[in-house]
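Chemist: Following this message is one structure expressed as structure tokens.
The values are calculated or read from the model by the stated rules, or taken from the named source; none is laboratory data. Model, not experiment: these values are computed from the prediction. FYI the Cβ positions are ideal-geometry reconstructions off the backbone, even for glycines, and counts take in every protein chain you see.
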Amino acid sequence: MVDNNNNIGASGTANHDEDGAMMKEHDQLLPIANVGRIMKQILPPNAKISKEAKETMQECVSEFISFVTSEASEKCRKERQKTVNGDDLCWALGALGFDEYTGPLRRYLHRYREQEGERLSSLANNNNNENNQDKDNNNTEDQQQRILLNHPHTQRPNFYK
């Protein structure tokens, strides 16, 4: 949590955005509506969640994400890698002692990459089909124009009268 007097976060470090500007506490937290929605999914339909419980969970999950991402980021910095990816997050979970989460996260990551590959492949195929259809349509239009221009009953404007 950010202390309003010195802008130091719960982890003991100053909180800055990508441009180095100080960030407000609520800018670093997941939206409370999303946290509440996730919490409600596990509860019985008639259960209610207090505002305090949502805010507490909001701070916890936001801190957890920062903790894991920071570990992955440090690994990437040491390896001179500019982008933190899913594999780095899996590694960070293991390095921080959350081994039981690395397996499910790796399975999810594998499925995500497969689906993304299929989606991109499908998009590429659709674009190729559209381009081929456009070419076919253009060829058909060109042929129709040539037929009309060469047809003996087509009246062409005579600009030289």
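Conditions tested, residue by residue: (1) loosely packed, with under 14 Cβ neighbours inside 10 Å; (2) touching an Asp or Glu at 6+ places or on another chain (Cβ under 8 Å).
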| site | (1), (2) |
| --- | --- |
| I32 | no, yes |
| L43 | yes, no |
| A47 | yes, no |
| S66 | no, no |
| C76 | no, yes |
| E79 | yes, no |
| T83 | yes, no |
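Chemist: Ok, one more. Taking the stretch 85-100, which residues are in a helix (DSSP H, G or I) and surrounded by 15 or more Cβ atoms within 10 Å (Cβ to Cβ)?
Modeler: Correct list: G86, D88, L89, C90, W91, A92, L93, G94, A95.
Chemist: Only one of these conditions is not met by F159: (1) modelled with pLDDT of 85 or more; (2) farther than 19 Å from L30 by Cβ; (3) hydrophobic (A, V, I, L, M, F, W, C). Which number is it?
Modeler: (1)
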